[in-house]
1. Given the -39500 (n - 2.57) contribution per DSSP H run of 4+ residues, what per-residue ellipticity at 222 nm results for the chain, rounded to the nearest 500 deg cm²/dmol?
2. List the lysines whose Cα lies under 27 Å from the Cα of Lys50, skipping any in the same chain that are fewer than 8 positions away.
3. Mind giving me the FRET efficiency for Ser60 and Asp86? R0 is 22 Å, r the Cβ-Cβ distance, nearest 0.05 is fine.
4. Calculate the spin-label point distance for Glu93 paired with Lys23, positioning each point 7 Å from the Cα along the beta-carbon direction, and give it in nanometres.
5. With a ≥ b ≥ c the root eigenvalues of the C-alpha gyration tensor of the stretch 66-108, is it rounded (a/c under 1.5), prolate (a/b larger than b/c) or oblate?
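What follows draws every value from the coordinates through simple rules; no lab data is involved. Since the model is a prediction, treat every value here as computed from it, not as a measurement. Cβ: placed from backbone, ideal geometry, glycine included. Neighbour counts: every protein chain shown.
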Amino acid sequence: MTIKGKRVTLMTMTPADKDEYYKLATQSECSQYWYDDQVIENRRKAAVFKDWGDEFFDESRVEEGQCFWITVNGEKIGQINSNQIDQHNQRVELDIIIGDSQYMNQGY
C-alpha cells in the first residue's frame, strides 16, 4: 500500500524491509529517542522483532499494526507505524520516527 501526500509518501514495509528497519531503530540518530543507550546495546534483532512482530510487516493484518516508510522524493527518511487498532474505542496509537537530524523539524 502506498499513501501519497503533498510532501511525503508512505510505503508499507514488508518482511524484506526488516534489516533496514532494525538499522533505523538501533543505529540511526533517532535511536536515542526510541531506546536509551543501555537498552540499545541489548536490542538484538530477536528482541526488536519480538516487539515489532510479523503483523507490522504484513499488509493483510493492518488492524494488528502496520509499519510504513516515510519517503521524500523516493528517499526513506523514517517510519510511521500504527499499533493495534482499538475498534471498540475507535483509537490507535501512532509512532513517528525520523532517522536523520537533517530531516527533523522540516514539517514532514
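1. Taken over the chain, the calculation gives -5500 deg cm²/dmol.
2. Lys18, Lys23, Lys76
3. 0.70
4. It is 2.8 nm.
5. Here the stretch 66-108 falls in the prolate category.
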